[in-house]
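The structure appears below as C-alpha coordinates.
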Amino acid sequence: MKKIYSIFVLSAIVLLGSVTQAQAQSLTDINSKNTGFYNEIMYLLDKGVVQGFGDDTFRPDKVVSRAEAAIMIGRALGYNGELRNTVFPDVAKDSAGSGYIQAAYENNIIQGFPDGSFRPDETVTRGQMAIFIARAYDIQEEALVPFSDVSLNMATYRPIRQILAYGVTEGYKDGTYKPKQPLTRAQFSALLARAESDQFRLPVNTCDYDPKSRTNPDYQTVNCLITTAALKSESIVPPEIVKSIAAIESSSKQFTENGEPIITDDGGIGIMQITNTDGYDIERFKYDLTYNIEVGIDMLAYHYNRSDLPKIHDHNPMILESWYFAVMAYNGTKATNSPLYQDTGYNNFDAYQNKVFANLYEYGQFDAKVMFIPMTKEDFYYGEDTNYSIVFKKDHYPMYVDLFPSPSYLQYGDEVNYVGSGLRSIPNTKGALIPHNTAEPIKILGAPVYDTDPNAANQFFWYPAEIIRTGQKGYIASSYVRWE
(Lines give C-alpha, C1' and ligand atoms only; values in the text may rest on other atoms or scores of the structure.)
Protein backbone atom coordinates (compact mmCIF):
# COMPACT_ATOMS: atom_id res chain seq x y z
CA MET A 1 0.00 0.00 0.00
CA LYS A 2 1.31 3.43 -0.85
CA LYS A 3 2.02 5.74 2.06
CA ILE A 4 3.26 9.29 1.70
CA TYR A 5 6.32 10.40 3.55
CA SER A 6 8.77 13.24 3.10
CA ILE A 7 11.59 12.13 0.84
CA PHE A 8 15.23 12.26 1.83
CA VAL A 9 17.52 11.70 -1.14
CA LEU A 10 20.61 9.82 -0.02
CA SER A 11 23.48 11.58 -1.72
CA ALA A 12 25.87 9.09 -0.18
CA ILE A 13 24.40 6.18 -2.10
CA VAL A 14 26.87 6.15 -4.92
CA LEU A 15 25.73 2.72 -6.04
CA LEU A 16 22.51 4.25 -7.27
CA GLY A 17 24.21 7.27 -8.80
CA SER A 18 23.78 10.96 -8.27
CA VAL A 19 22.76 12.34 -11.68
CA THR A 20 19.94 14.86 -11.34
CA GLN A 21 16.74 14.88 -13.40
CA ALA A 22 18.04 17.80 -15.44
CA GLN A 23 21.05 15.73 -16.43
CA ALA A 24 19.05 12.63 -17.30
CA GLN A 25 18.96 13.44 -21.01
CA SER A 26 22.77 13.56 -21.13
CA LEU A 27 23.37 10.00 -19.98
CA THR A 28 25.80 8.63 -22.53
CA ASP A 29 24.98 4.92 -22.51
CA ILE A 30 21.24 4.99 -23.11
CA ASN A 31 19.24 6.21 -26.09
CA SER A 32 15.83 5.66 -27.61
CA LYS A 33 17.12 3.56 -30.51
CA ASN A 34 19.35 1.01 -28.82
CA THR A 35 18.33 0.82 -25.15
CA GLY A 36 15.68 -1.64 -24.08
CA PHE A 37 12.93 -0.12 -21.92
CA TYR A 38 14.24 3.37 -22.65
CA ASN A 39 10.88 5.07 -22.08
CA GLU A 40 10.41 3.31 -18.76
CA ILE A 41 13.91 4.32 -17.67
CA MET A 42 13.32 7.94 -18.61
CA TYR A 43 9.99 7.94 -16.79
CA LEU A 44 11.63 6.79 -13.55
CA LEU A 45 14.57 9.15 -14.03
CA ASP A 46 12.15 12.04 -14.36
CA LYS A 47 10.41 11.01 -11.13
CA GLY A 48 13.73 10.67 -9.30
CA VAL A 49 13.10 7.00 -8.62
CA VAL A 50 16.22 5.82 -10.45
CA GLN A 51 19.35 7.83 -11.08
CA GLY A 52 22.43 7.74 -13.22
CA PHE A 53 26.06 7.67 -12.09
CA GLY A 54 28.56 10.46 -11.70
CA ASP A 55 30.26 9.58 -14.98
CA ASP A 56 27.06 10.34 -16.92
CA THR A 57 26.14 6.67 -17.38
CA PHE A 58 23.07 4.69 -16.41
CA ARG A 59 24.57 1.21 -16.82
CA PRO A 60 21.34 -0.50 -17.93
CA ASP A 61 22.92 -3.97 -17.95
CA LYS A 62 24.24 -3.75 -14.39
CA VAL A 63 22.43 -6.15 -12.05
CA VAL A 64 20.41 -4.72 -9.16
CA SER A 65 21.10 -5.62 -5.55
CA ARG A 66 18.37 -6.23 -2.99
CA ALA A 67 19.33 -3.02 -1.21
CA GLU A 68 19.11 -1.04 -4.44
CA ALA A 69 15.71 -2.59 -5.16
CA ALA A 70 14.43 -1.53 -1.75
CA ILE A 71 15.73 2.02 -2.30
CA MET A 72 14.13 2.43 -5.71
CA ILE A 73 10.81 0.92 -4.63
CA GLY A 74 10.92 3.13 -1.53
CA ARG A 75 11.44 6.22 -3.66
CA ALA A 76 8.55 5.23 -5.94
CA LEU A 77 6.25 4.85 -2.95
CA GLY A 78 7.43 8.06 -1.28
CA TYR A 79 8.91 6.41 1.80
CA ASN A 80 11.25 8.18 4.20
CA GLY A 81 14.78 7.12 3.27
CA GLU A 82 16.57 8.69 6.25
CA LEU A 83 19.20 6.32 7.65
CA ARG A 84 17.97 4.41 10.71
CA ASN A 85 18.21 1.14 12.57
CA THR A 86 16.63 -1.91 10.96
CA VAL A 87 15.37 -5.29 12.12
CA PHE A 88 18.00 -7.03 10.01
CA PRO A 89 21.36 -7.86 11.61
CA ASP A 90 23.16 -7.43 8.28
CA VAL A 91 21.75 -3.93 7.62
CA ALA A 92 23.27 -1.42 10.02
CA LYS A 93 21.97 2.11 10.48
CA ASP A 94 24.80 3.58 8.40
CA SER A 95 24.24 1.07 5.57
CA ALA A 96 23.15 2.48 2.22
CA GLY A 97 19.37 2.36 2.05
CA SER A 98 18.75 1.38 5.68
CA GLY A 99 15.81 3.76 5.92
CA TYR A 100 14.14 2.45 2.80
CA ILE A 101 14.83 -1.15 3.78
CA GLN A 102 13.24 -0.66 7.20
CA ALA A 103 10.28 1.19 5.69
CA ALA A 104 9.73 -1.62 3.19
CA TYR A 105 9.85 -4.11 6.06
CA GLU A 106 7.34 -2.12 8.12
CA ASN A 107 4.99 -2.03 5.14
CA ASN A 108 5.30 -5.78 4.60
CA ILE A 109 7.03 -5.45 1.24
CA ILE A 110 10.15 -7.32 2.31
CA GLN A 111 10.50 -9.94 5.03
CA GLY A 112 14.04 -11.19 4.72
CA PHE A 113 15.27 -14.76 4.86
CA PRO A 114 14.49 -17.51 7.40
CA ASP A 115 17.77 -16.83 9.23
CA GLY A 116 16.65 -13.24 9.86
CA SER A 117 19.03 -11.64 7.36
CA PHE A 118 18.21 -9.35 4.44
CA ARG A 119 21.35 -9.96 2.35
CA PRO A 120 21.44 -6.46 0.86
CA ASP A 121 24.29 -7.14 -1.55
CA GLU A 122 22.73 -10.17 -3.20
CA THR A 123 21.22 -9.58 -6.61
CA VAL A 124 17.44 -9.31 -6.78
CA THR A 125 15.76 -11.94 -8.95
CA ARG A 126 12.69 -11.84 -11.15
CA GLY A 127 10.87 -13.96 -8.58
CA GLN A 128 11.83 -11.71 -5.66
CA MET A 129 10.78 -8.62 -7.59
CA ALA A 130 7.38 -10.22 -8.18
CA ILE A 131 6.99 -10.53 -4.41
CA PHE A 132 8.08 -6.94 -3.81
CA ILE A 133 5.74 -5.44 -6.43
CA ALA A 134 2.72 -7.58 -5.53
CA ARG A 135 3.02 -6.45 -1.91
CA ALA A 136 4.02 -2.83 -2.61
CA TYR A 137 1.04 -2.20 -4.91
CA ASP A 138 -1.41 -4.41 -3.01
CA ILE A 139 -2.33 -6.40 -6.11
CA GLN A 140 -5.25 -8.71 -5.45
CA GLU A 141 -6.16 -10.10 -8.85
CA GLU A 142 -4.36 -13.22 -10.06
CA ALA A 143 -3.79 -14.49 -13.60
CA LEU A 144 -3.24 -18.05 -14.70
CA VAL A 145 0.40 -19.16 -14.69
CA PRO A 146 1.47 -20.45 -18.11
CA PHE A 147 5.12 -20.99 -17.18
CA SER A 148 6.78 -24.40 -17.05
CA ASP A 149 9.25 -23.33 -14.36
CA VAL A 150 6.76 -21.85 -11.85
CA SER A 151 5.07 -24.29 -9.46
CA LEU A 152 2.73 -24.12 -6.49
CA ASN A 153 5.54 -25.10 -4.13
CA MET A 154 7.46 -21.90 -4.86
CA ALA A 155 7.13 -18.79 -2.68
CA THR A 156 6.89 -16.75 -5.87
CA TYR A 157 3.90 -18.67 -7.29
CA ARG A 158 1.13 -16.30 -6.20
CA PRO A 159 3.12 -13.04 -6.61
CA ILE A 160 3.93 -13.99 -10.21
CA ARG A 161 0.21 -14.60 -10.81
CA GLN A 162 -0.53 -11.20 -9.32
CA ILE A 163 1.89 -9.13 -11.35
CA LEU A 164 0.89 -11.00 -14.50
CA ALA A 165 -2.71 -9.93 -13.88
CA TYR A 166 -1.54 -6.34 -13.31
CA GLY A 167 0.29 -6.19 -16.64
CA VAL A 168 3.71 -5.82 -15.01
CA THR A 169 5.50 -8.85 -16.39
CA GLU A 170 5.55 -11.54 -19.05
CA GLY A 171 7.47 -14.70 -19.69
CA TYR A 172 9.94 -15.85 -22.31
CA LYS A 173 9.22 -17.37 -25.70
CA ASP A 174 10.28 -20.80 -24.46
CA GLY A 175 7.38 -20.83 -21.99
CA THR A 176 9.47 -20.10 -18.91
CA TYR A 177 9.49 -17.24 -16.44
CA LYS A 178 13.05 -17.69 -15.10
CA PRO A 179 12.20 -16.65 -11.52
CA LYS A 180 15.80 -17.05 -10.32
CA GLN A 181 17.30 -14.86 -13.03
CA PRO A 182 18.90 -11.62 -11.72
CA LEU A 183 17.41 -8.34 -12.86
CA THR A 184 19.37 -5.66 -14.66
CA ARG A 185 18.73 -1.98 -14.04
CA ALA A 186 16.86 -1.72 -17.35
CA GLN A 187 14.68 -4.75 -16.59
CA PHE A 188 14.04 -3.51 -13.07
CA SER A 189 13.02 -0.12 -14.46
CA ALA A 190 10.55 -1.76 -16.83
CA LEU A 191 8.83 -3.71 -14.07
CA LEU A 192 8.68 -0.78 -11.68
CA ALA A 193 7.44 1.68 -14.32
CA ARG A 194 4.64 -0.72 -15.27
CA ALA A 195 3.63 -1.03 -11.63
CA GLU A 196 3.68 2.74 -11.27
CA SER A 197 1.88 3.78 -14.44
CA ASP A 198 -0.72 2.16 -16.66
CA GLN A 199 0.85 3.85 -19.69
CA PHE A 200 3.55 1.16 -19.59
CA ARG A 201 1.45 -1.82 -18.58
CA LEU A 202 1.30 -4.86 -20.80
CA PRO A 203 -2.05 -5.89 -22.31
CA VAL A 204 -3.68 -8.68 -20.33
CA ASN A 205 -6.20 -11.03 -21.92
CA THR A 206 -8.47 -12.44 -19.23
CA CYS A 207 -8.04 -16.21 -19.07
CA ASP A 208 -5.60 -15.93 -22.02
CA TYR A 209 -8.56 -15.55 -24.37
CA ASP A 210 -8.28 -13.13 -27.27
CA PRO A 211 -11.63 -11.30 -27.31
CA LYS A 212 -11.12 -10.29 -30.95
CA SER A 213 -10.66 -13.84 -32.18
CA ARG A 214 -14.35 -14.56 -32.83
CA THR A 215 -13.75 -18.16 -31.87
CA ASN A 216 -15.34 -20.25 -29.17
CA PRO A 217 -12.87 -20.89 -26.36
CA ASP A 218 -12.43 -24.39 -24.98
CA TYR A 219 -14.51 -25.56 -22.03
CA GLN A 220 -12.02 -24.61 -19.36
CA THR A 221 -11.44 -21.15 -20.78
CA VAL A 222 -15.22 -20.63 -20.68
CA ASN A 223 -15.11 -21.89 -17.09
CA CYS A 224 -12.47 -19.27 -16.36
CA LEU A 225 -14.19 -16.42 -18.23
CA ILE A 226 -17.54 -16.93 -16.49
CA THR A 227 -15.98 -17.41 -13.07
CA THR A 228 -13.89 -14.27 -13.47
CA ALA A 229 -16.80 -12.17 -14.73
CA ALA A 230 -19.07 -13.29 -11.90
CA LEU A 231 -16.46 -12.61 -9.24
CA LYS A 232 -15.91 -9.11 -10.64
CA SER A 233 -19.61 -8.30 -10.68
CA GLU A 234 -20.90 -5.71 -8.25
CA SER A 235 -23.67 -8.16 -7.36
CA ILE A 236 -23.18 -11.58 -5.82
CA VAL A 237 -24.11 -14.00 -8.58
CA PRO A 238 -22.52 -17.42 -8.05
CA PRO A 239 -20.43 -18.45 -11.08
CA GLU A 240 -21.79 -21.99 -10.74
CA ILE A 241 -25.29 -20.76 -11.64
CA VAL A 242 -24.05 -18.72 -14.60
CA LYS A 243 -22.03 -21.60 -16.04
CA SER A 244 -24.99 -23.97 -15.97
CA ILE A 245 -27.25 -21.39 -17.60
CA ALA A 246 -24.68 -20.90 -20.38
CA ALA A 247 -24.52 -24.66 -20.87
CA ILE A 248 -28.31 -24.98 -21.20
CA GLU A 249 -28.75 -21.85 -23.31
CA SER A 250 -25.99 -22.28 -25.88
CA SER A 251 -23.82 -25.26 -24.98
CA SER A 252 -21.47 -22.50 -23.73
CA LYS A 253 -20.82 -21.16 -27.21
CA GLN A 254 -20.88 -17.60 -28.58
CA PHE A 255 -20.04 -18.15 -32.25
CA THR A 256 -20.85 -20.42 -35.16
CA GLU A 257 -18.06 -22.27 -36.92
CA ASN A 258 -17.84 -19.31 -39.31
CA GLY A 259 -17.14 -16.85 -36.52
CA GLU A 260 -20.60 -15.31 -36.60
CA PRO A 261 -22.63 -14.87 -33.40
CA ILE A 262 -25.19 -17.52 -32.53
CA ILE A 263 -28.64 -15.94 -32.88
CA THR A 264 -31.67 -18.15 -32.29
CA ASP A 265 -35.17 -17.85 -33.74
CA ASP A 266 -36.45 -16.02 -30.66
CA GLY A 267 -33.67 -13.42 -30.99
CA GLY A 268 -31.39 -14.82 -28.31
CA ILE A 269 -27.81 -13.70 -28.82
CA GLY A 270 -24.59 -15.49 -27.93
CA ILE A 271 -23.49 -17.59 -25.02
CA MET A 272 -26.07 -16.23 -22.55
CA GLN A 273 -28.82 -15.97 -25.23
CA ILE A 274 -29.67 -12.38 -24.36
CA THR A 275 -33.10 -11.39 -25.78
CA ASN A 276 -33.81 -8.15 -23.93
CA THR A 277 -31.34 -5.81 -25.60
CA ASP A 278 -32.95 -2.48 -24.66
CA GLY A 279 -30.29 -0.03 -23.54
CA TYR A 280 -27.42 -2.33 -24.46
CA ASP A 281 -24.90 -2.39 -27.28
CA ILE A 282 -26.28 -5.06 -29.62
CA GLU A 283 -23.08 -5.33 -31.66
CA ARG A 284 -21.11 -6.01 -28.49
CA PHE A 285 -23.63 -8.70 -27.56
CA LYS A 286 -22.82 -10.37 -30.85
CA TYR A 287 -19.04 -10.20 -30.94
CA ASP A 288 -17.84 -9.59 -27.37
CA LEU A 289 -18.19 -12.86 -25.48
CA THR A 290 -17.20 -11.34 -22.12
CA TYR A 291 -19.74 -8.52 -22.48
CA ASN A 292 -22.44 -11.09 -23.27
CA ILE A 293 -21.56 -12.94 -20.06
CA GLU A 294 -21.48 -9.74 -17.99
CA VAL A 295 -24.95 -8.66 -19.16
CA GLY A 296 -26.30 -12.15 -18.47
CA ILE A 297 -24.96 -11.84 -14.93
CA ASP A 298 -26.60 -8.43 -14.53
CA MET A 299 -29.93 -9.84 -15.71
CA LEU A 300 -29.70 -12.69 -13.25
CA ALA A 301 -29.04 -10.21 -10.45
CA TYR A 302 -32.11 -8.22 -11.56
CA HIS A 303 -34.34 -11.29 -11.40
CA TYR A 304 -32.91 -12.28 -8.03
CA ASN A 305 -34.01 -8.95 -6.57
CA ARG A 306 -37.53 -9.01 -8.04
CA SER A 307 -40.20 -8.56 -5.37
CA ASP A 308 -42.77 -10.73 -7.17
CA LEU A 309 -40.72 -13.94 -7.02
CA PRO A 310 -40.72 -16.29 -4.02
CA LYS A 311 -37.66 -16.28 -1.76
CA ILE A 312 -35.80 -19.37 -0.59
CA HIS A 313 -34.90 -19.62 3.10
CA ASP A 314 -33.06 -16.40 4.14
CA HIS A 315 -32.57 -15.31 0.51
CA ASN A 316 -28.79 -15.38 0.79
CA PRO A 317 -27.27 -14.92 -2.70
CA MET A 318 -24.24 -17.00 -1.69
CA ILE A 319 -26.52 -20.05 -1.41
CA LEU A 320 -27.04 -21.89 -4.69
CA GLU A 321 -30.60 -22.98 -3.86
CA SER A 322 -31.58 -19.33 -3.34
CA TRP A 323 -31.35 -18.80 -7.11
CA TYR A 324 -34.09 -21.26 -8.06
CA PHE A 325 -36.77 -18.73 -8.97
CA ALA A 326 -34.33 -16.19 -10.44
CA VAL A 327 -33.11 -18.92 -12.81
CA MET A 328 -36.71 -19.65 -13.77
CA ALA A 329 -37.31 -15.95 -14.47
CA TYR A 330 -34.18 -15.75 -16.64
CA ASN A 331 -36.01 -17.96 -19.11
CA GLY A 332 -39.54 -16.82 -18.24
CA THR A 333 -42.17 -17.35 -15.54
CA LYS A 334 -44.40 -19.24 -17.94
CA ALA A 335 -46.45 -22.38 -17.43
CA THR A 336 -43.79 -24.48 -19.14
CA ASN A 337 -41.44 -23.63 -16.25
CA SER A 338 -43.86 -24.35 -13.43
CA PRO A 339 -41.91 -26.38 -10.83
CA LEU A 340 -44.88 -28.75 -10.51
CA TYR A 341 -47.49 -29.82 -13.00
CA GLN A 342 -50.71 -28.05 -12.06
CA ASP A 343 -52.97 -31.02 -12.70
CA THR A 344 -50.93 -33.73 -10.93
CA GLY A 345 -48.53 -31.93 -8.58
CA TYR A 346 -45.64 -34.02 -9.95
CA ASN A 347 -42.21 -32.49 -10.40
CA ASN A 348 -41.70 -30.85 -13.78
CA PHE A 349 -38.20 -32.02 -14.62
CA ASP A 350 -38.44 -30.29 -17.99
CA ALA A 351 -38.80 -26.88 -16.36
CA TYR A 352 -35.93 -24.62 -17.37
CA GLN A 353 -34.64 -24.07 -13.84
CA ASN A 354 -34.70 -27.81 -13.11
CA LYS A 355 -32.59 -28.43 -16.22
CA VAL A 356 -30.13 -25.80 -15.06
CA PHE A 357 -29.79 -27.33 -11.60
CA ALA A 358 -29.51 -30.82 -13.11
CA ASN A 359 -26.63 -29.53 -15.23
CA LEU A 360 -25.12 -27.98 -12.12
CA TYR A 361 -25.11 -31.40 -10.50
CA GLU A 362 -23.89 -33.37 -13.53
CA TYR A 363 -21.05 -31.13 -14.64
CA GLY A 364 -20.33 -29.07 -11.55
CA GLN A 365 -20.90 -31.83 -8.98
CA PHE A 366 -22.79 -29.36 -6.80
CA ASP A 367 -25.68 -31.17 -5.11
CA ALA A 368 -28.04 -28.23 -4.61
CA LYS A 369 -31.16 -29.36 -2.75
CA VAL A 370 -33.76 -27.66 -4.94
CA MET A 371 -35.98 -30.74 -4.93
CA PHE A 372 -36.39 -30.23 -1.19
CA ILE A 373 -38.05 -26.84 -1.61
CA PRO A 374 -41.42 -27.50 0.08
CA MET A 375 -43.66 -26.55 -2.86
CA THR A 376 -47.17 -27.74 -3.61
CA LYS A 377 -49.23 -27.32 -6.77
CA GLU A 378 -51.49 -24.90 -4.92
CA ASP A 379 -48.54 -22.45 -4.69
CA PHE A 380 -48.78 -21.67 -8.43
CA TYR A 381 -51.51 -20.67 -10.80
CA TYR A 382 -51.55 -20.19 -14.54
CA GLY A 383 -54.13 -20.34 -17.29
CA GLU A 384 -55.65 -18.49 -20.20
CA ASP A 385 -56.59 -15.63 -17.91
CA THR A 386 -52.91 -15.09 -17.02
CA ASN A 387 -51.66 -15.71 -20.55
CA TYR A 388 -50.10 -18.79 -19.00
CA SER A 389 -47.77 -16.66 -16.89
CA ILE A 390 -47.28 -18.09 -13.42
CA VAL A 391 -48.92 -16.32 -10.51
CA PHE A 392 -47.04 -17.10 -7.30
CA LYS A 393 -49.33 -17.56 -4.32
CA LYS A 394 -46.55 -18.09 -1.80
CA ASP A 395 -43.67 -15.65 -1.30
CA HIS A 396 -41.28 -17.63 0.91
CA TYR A 397 -40.04 -21.19 1.34
CA PRO A 398 -38.10 -22.23 4.45
CA MET A 399 -35.58 -25.03 3.99
CA TYR A 400 -34.93 -27.88 6.40
CA VAL A 401 -31.84 -29.43 4.81
CA ASP A 402 -28.22 -28.32 4.59
CA LEU A 403 -27.88 -25.84 1.75
CA PHE A 404 -24.94 -25.43 -0.64
CA PRO A 405 -22.97 -22.17 -0.45
CA SER A 406 -20.98 -21.17 -3.51
CA PRO A 407 -17.30 -22.02 -2.97
CA SER A 408 -16.19 -19.38 -5.48
CA TYR A 409 -15.71 -16.47 -3.10
CA LEU A 410 -12.87 -17.84 -1.01
CA GLN A 411 -9.66 -15.85 -0.81
CA TYR A 412 -6.02 -16.37 0.02
CA GLY A 413 -5.62 -17.49 3.63
CA ASP A 414 -9.17 -18.74 4.14
CA GLU A 415 -9.42 -22.04 5.99
CA VAL A 416 -11.86 -24.66 4.72
CA ASN A 417 -12.79 -28.29 5.08
CA TYR A 418 -12.32 -30.55 2.10
CA VAL A 419 -14.41 -33.69 1.65
CA GLY A 420 -12.65 -34.92 -1.49
CA SER A 421 -10.35 -37.94 -1.48
CA GLY A 422 -7.29 -35.71 -1.21
CA LEU A 423 -5.32 -32.93 -2.85
CA ARG A 424 -4.03 -33.41 -6.39
CA SER A 425 -0.52 -32.64 -7.61
CA ILE A 426 -1.98 -30.86 -10.64
CA PRO A 427 -5.45 -29.39 -11.23
CA ASN A 428 -6.82 -32.57 -12.75
CA THR A 429 -8.38 -35.72 -11.29
CA LYS A 430 -5.51 -37.72 -12.80
CA GLY A 431 -2.94 -35.85 -10.75
CA ALA A 432 -1.08 -37.73 -8.05
CA LEU A 433 -3.20 -37.98 -4.92
CA ILE A 434 -2.01 -36.30 -1.71
CA PRO A 435 -4.16 -37.97 0.96
CA HIS A 436 -5.51 -36.00 3.87
CA ASN A 437 -7.88 -36.41 6.79
CA THR A 438 -11.14 -34.66 5.94
CA ALA A 439 -11.30 -33.34 9.50
CA GLU A 440 -8.08 -31.39 9.00
CA PRO A 441 -8.39 -27.77 7.87
CA ILE A 442 -6.92 -26.67 4.58
CA LYS A 443 -5.71 -23.17 3.67
CA ILE A 444 -6.51 -21.56 0.33
CA LEU A 445 -3.32 -20.34 -1.39
CA GLY A 446 -4.71 -18.29 -4.24
CA ALA A 447 -7.38 -17.61 -6.82
CA PRO A 448 -9.00 -20.39 -8.87
CA VAL A 449 -7.13 -22.32 -11.54
CA TYR A 450 -8.66 -24.57 -14.16
CA ASP A 451 -8.33 -28.13 -15.34
CA THR A 452 -5.16 -29.01 -17.22
CA ASP A 453 -7.37 -30.73 -19.80
CA PRO A 454 -8.81 -27.74 -21.69
CA ASN A 455 -11.65 -29.87 -23.07
CA ALA A 456 -12.76 -31.27 -19.72
CA ALA A 457 -16.47 -30.53 -19.46
CA ASN A 458 -16.49 -30.15 -15.68
CA GLN A 459 -17.62 -26.75 -14.47
CA PHE A 460 -15.90 -26.82 -11.11
CA PHE A 461 -12.46 -25.29 -10.75
CA TRP A 462 -9.46 -25.93 -8.53
CA TYR A 463 -8.00 -23.98 -5.65
CA PRO A 464 -4.27 -24.08 -4.89
CA ALA A 465 -4.23 -25.14 -1.27
CA GLU A 466 -2.15 -26.37 1.65
CA ILE A 467 -2.77 -28.90 4.41
CA ILE A 468 -2.10 -26.67 7.40
CA ARG A 469 -0.69 -29.37 9.69
CA THR A 470 1.78 -30.89 7.23
CA GLY A 471 2.47 -28.00 4.86
CA GLN A 472 1.76 -30.25 1.85
CA LYS A 473 0.48 -28.32 -1.14
CA GLY A 474 -1.75 -29.30 -4.01
CA TYR A 475 -5.05 -28.52 -5.70
CA ILE A 476 -8.59 -29.07 -4.41
CA ALA A 477 -11.76 -29.26 -6.50
CA SER A 478 -14.20 -26.48 -5.61
CA SER A 479 -17.16 -28.87 -5.58
CA TYR A 480 -15.77 -30.64 -2.51
CA VAL A 481 -14.91 -27.53 -0.53
CA ARG A 482 -17.01 -26.92 2.55
CA TRP A 483 -17.02 -23.66 4.47
CA GLU A 484 -19.31 -21.65 6.72
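The values are calculated or read from the model by the stated rules, or taken from the named source; none is laboratory data. Quick caveat, the model's predicted, so the values are computed rather than measured. Don't worry about glycine lacking a Cβ; one is built from the backbone with ideal geometry, like all the others, and counts go over all protein chains shown.
Numerical summary
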| item | result |
| --- | --- |
| Options A143, A155, A92, A186: the member that is outside the structural domain of A465 (by TED's automatic domain parsing), under 19 Å from L44 (Cβ atoms), hydrophobic (A, V, I, L, M, F, W, C) and touching a helix residue (DSSP H, G or I) at 6+ places or on another chain (Cβ under 8 Å) | A186 |
| Sole exception among (1) in a helix (DSSP H, G or I); (2) touching a residue at least 60 places away in the same chain (Cβ under 8 Å) for V416, by number | (1) |
| Residues (within 25 Å of Y412 (Cα to Cα) and among the hydrophobic types (A, V, I, L, M, F, W, C)) located in the range 450-464 | F460, F461, W462 |
| Given (1) surrounded by 19 or more Cβ atoms within 10 Å (Cβ to Cβ); (2) within 17 Å of G364 (Cβ to Cβ); (3) in contact (Cβ under 8 Å) with a residue 60 or more places away in the chain, number of the condition R482 does not satisfy | (1) |
| Selection count, the range 231-244, where residues are surrounded by 19 or more Cβ atoms within 10 Å (Cβ to Cβ) and part of a helix (DSSP H, G or I) | 6 |
| Boolean, I101 is in the same structural domain as K178 (by TED's automatic domain parsing), closer than 22 Å to A190 by Cβ and β-branched (V, I, T) | no |
| Breaking point among (1) assigned by TED's automatic domain parsing to the domain that holds P339; (2) at pLDDT below 95, for D278 | (1) |
| Test: residue in the range 245-263 that is crowded, with 16+ Cβ neighbours inside 10 Å, among the aromatic types (F, W, Y) and under 25 Å from N205 (Cα atoms) | yes |
| Residues being crowded, with 19+ Cβ neighbours inside 10 Å and either out of contact with any Gly (no Cβ under 8 Å at 6 or more places or on another chain) or at pLDDT below 95 (or both) - total across the range 423-444 | 3 |
| One residue from I373, I312, I297 being under 19 Å from T227 (Cβ atoms) and either in contact (Cβ under 8 Å) with a residue 60 or more places away in the chain or touching a Leu at 6+ places or on another chain (Cβ under 8 Å) (or both) | I297 |
| Total residues in the range 278-299, condition farther than 22 Å from N205 by Cβ and surrounded by 13 or more Cβ atoms within 10 Å (Cβ to Cβ) | 3 |
| Residue, surrounded by the fewest Cβ atoms within 10 Å (Cβ to Cβ), within the range 34-59, restricted to residues that are aromatic (F, W, Y) and part of a helix (DSSP H, G or I) | Y38 |
| Filter result (not in a loop (DSSP other than H, G, I, E, B) and not acidic (D, E)) within the range 84-115 | S98, G99, Y100, I101, Q102, A103, A104, Y105 |
| Subset of the range 275-294 [closer than 19 Å to S252 by Cβ, without any contact (Cβ under 8 Å) to a residue 40 or more places away in the chain and among the hydroxyl-bearing types (S, T, Y)] | T275, Y291 |
| Answer residue from the range 438-484, given it is under 18 Å from P238 (Cα atoms) and part of a strand (DSSP E or B) and is farthest from the chain's Cα centre (by Cα) among those | R482 |
| Spans of helices (runs of 4 or more DSSP H) in the range 256-338 with at least 3 residues among the hydroxyl-bearing types (S, T, Y) | 289-304 |
| Where E283 falls short, out of the listed (1) over 23 Å from G167 (Cβ atoms); (2) modelled with pLDDT of 95 or more | (2) |
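Residues are listed down the side, and each one gets a yes or a no for (1) among the acidic types (D, E); (2) at pLDDT below 50; (3) assigned by TED's automatic domain parsing to the domain that holds V91:
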{"position": "Y5", "(1), (2), (3)": "no, yes, no"}
{"position": "Y38", "(1), (2), (3)": "no, no, yes"}
{"position": "G48", "(1), (2), (3)": "no, no, yes"}
{"position": "D55", "(1), (2), (3)": "yes, no, yes"}
{"position": "S65", "(1), (2), (3)": "no, no, yes"}
{"position": "I71", "(1), (2), (3)": "no, no, yes"}
